[in-house]
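What follows is calculated from the coordinates using simple rules that are stated; it is not laboratory data. Fair warning: this is a prediction, and the values are worked out from it, not measured in the lab. Positions of Cβ are generated from backbone atoms using ideal geometry, with glycine treated the same way; all protein chains shown enter the neighbour counts.
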Amino acid sequence: MKPAAFEYVVAESIESAVAALAQARGEAKIIAGGQSLVPMLNFRLLRPAILVDINRIPDFAYVRDEPDAVRIGALTRHHQLERSPVIARHFPVLGEAMAHVAHLAIRNRGTIGGSLSHADPAAELPMMAMLLDAQLRVVSTNGMRSVAAHDFFQDALLVDLAEDELVTEVALPKLPPRTGWGFAEVSRRSGDFALAAVAVTLTLSGDTIGQARIAMTGVAPTPRRVSEAEALLTGARIDQVMTQRVIAAVRGATEPQTDLHASSDYRRHLVGVLAGRALADAWERAKTA
Ligand SMILES: Cc1cc2nc3c(=O)[nH]c(=O)nc-3n(C[C@H](O)[C@H](O)[C@H](O)COP(=O)(O)OP(=O)(O)OC[C@H]3O[C@@H](n4cnc5c(N)ncnc54)[C@H](O)[C@@H]3O)c2cc1C
């Protein structure tokens, strides 16, 4: 199918993009990589009167290494994150996750701002934003605000973003020293959306875990942190009993759907297995970090 007719506006700056959104009064959509939006237009699931193209905005795709955080411009492509030495140094778990996002052609176009704003319930970047306590910078003609990833994802394909707002930057606070990470995903074919995926970071304090983070995707309407499992791990070491307790907590925090690809029971079982693998990898890496 072809999209319904729309007017096409090329924004030359962030200011002109948000001005176009404000002027359209809810009738406009931003187009970034177009990898999620264009199929929705073609199926006429969306019929915006105006498309505001942000691809020509200068200096909108960057990965900046600052003292406390890494700052990522909203137009940064998935493939740039996958290849970035700054990401490899500070957030290897994110680099690993990016290799699981779709195929290279899609990773060359898809952007971090687009993936977070689209908020597919099985996407990797929203899970990474939750895991890494990302802060999103959101701009409109009324000014700028900062939103924690924790508050941003509200439901499947629903985020805390008004129709006249643009995500401009994602800040990832740096992880403490002695942090290990693990990532595990299963999809039906390489490049497909995850049936389930889990990411873990463990930060050691002495010879026990000082801080644990566990995030998952594909098993609830939004990506989730598993606070019950994180609390269990604080002050603990990993052994078989602890791993089983964490797996049970992870499974208990899911709300998986049955769909064409997998049953709810299968997804709940799978996410526990993946949590066990990611946890073991994070523990081994933390001990040698
Ligand atoms: C075959 C296929 C397989 C895929 N597999 C995966 C996968 O395994 N994992 C995965 O995570 N993703 C996958 N994707 C999705 C891909 O990662 C998309 O690139 C991503 O979800 C959207 O990014 P985009 O830049 O293309 O956004 P667009 O498609 O351009 O936009 C998506 C939505 O976000 C809005 N938007 C875009 N940028 C901004 C911004 N800066 N501020 C506010 N709103 C904005 C748009 O208005 C639109 O509503 C797949 C896509 C395809 C086609």
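For the chain, the residue among Asn42, Tyr62, Ala196 whose Cα projects farthest onto the positive side of the dipole built from Cβ charges is Ala196.
Rounded to the nearest 500, the 222 nm mean residue ellipticity of the chain from helices alone is -10000 deg cm²/dmol, with -39,500 (n - 2.57) taken per DSSP H run of at least 4 residues. Spin-label pair Arg47-Arg25: with each label point 7 Å from Cα along the Cα-Cβ axis, the two points sit 1.9 nm from one another.
Can you tell me the length gained on complete extension of the stretch Glu15 to Arg64, counting 0.36 nm per residue apart and subtracting the Cα distance? Length gained between Glu15 and Arg64: 15.5 nm.
For segment 141-244, state the semi-axes of the equivalent ellipsoid (square roots of 5 times the eigenvalues of the alpha-carbon gyration tensor), sorted largest first and rounded to whole angstrom.
Details: eigenvalues 176, 79, 30 Å².
Each semi-axis is the square root of five times an eigenvalue, giving 30, 20, 12 Å.
Within straight-line reach of Lys174, meaning a Cα separation under 21 Å, sit the following lysines at least 8 residues removed in sequence or on another chain: Lys287. Remark on Ile31: its backbone amide H falls under 5 Å from those of Val52, Asp53, Ile54, a criterion applied only to residues 5 or more positions apart or on other chains, H modelled at 1.01 Å from N.
Post the alpha-carbon centroid distance, segment 228-270 to segment 2-67, in whole angstrom. Segment 228-270 and segment 2-67 have Cα centres separated by 37 Å. Most mobile of Leu175, Leu51, Leu232 per a Gaussian network model of the chain (Cα springs, under 10 Å)? Looking only at Leu175, Leu51, Leu232, the biggest GNM fluctuation is shown by Leu232.
Order of Val200, Val38, Val250, Val226 from fewest to most other C-beta atoms within 10 Å? Intermediate results must be reported in sequence, preceding the final value.
On the way: Val200 33, Val38 15, Val250 28, Val226 25.
The order, fewest Cβ neighbours first, is Val38, Val226, Val250, Val200.
Take 184-191, 213-220, 271-278 and order them by the average number of nearby Cβ atoms within 10 Å per residue, most first; the result is 213-220, 271-278, 184-191. Pairing the Cα long axis of helix 240-252 with the longest principal axis of the chain, what angle in degrees results, from 0 to 90 and rounded to the nearest 10? Roughly 30 degrees between the two axes. Distant-in-sequence amide contacts of Ser187, defined by a placed amide H-H separation under 5 Å and a gap of 5 or more residues or a different chain, comprise Leu195. Between the helical axis of 14-24 and the longest alpha-carbon principal axis of the chain there is an angle of about 70 degrees.
Once the Cα atoms are used to define both axes, helix 264-288 deviates from the longest principal axis of the chain by about 70 degrees.
How many percent of DSSP beta bridges within segment 1-152 run antiparallel, rounded to 5? Don't skip to the end; give the middle numbers.
Working: 10 of 18 bridges.
Here the antiparallel bridges make up roughly 55 percent for segment 1-152.
Selection among Pro3, Ser13, Ala122 by position relative to the dipole of the chain gives Ala122 as farthest towards the positive end (Cβ unit charges, Cα centre).
Would you please give the FRET efficiency between Ala280 and Arg189, computed as 1/(1 + (r/R0)^6) with r the Cβ-Cβ distance and R0 = 22 Å, to the nearest 0.05?
Values: r = 25 Å, r/R0 = 1.15.
Calculated value: 0.30.
The Rg/Rh ratio for the chain, using Cα coordinates for both the radius of gyration and the Kirkwood hydrodynamic radius, is 0.99. Zone of Asn108 (label point 7 Å along Cα→Cβ, backbone N under 15 Å): which residues in segment 35-66? Taking a point 7 Å out along Cα→Cβ of Asn108, the residues of segment 35-66 whose backbone N falls under 15 Å are 35.
Under a 5 Å amide H cut-off, with hydrogens placed 1.01 Å from N, Ala148 pairs with Leu136 among residues at least 5 apart or on other chains.
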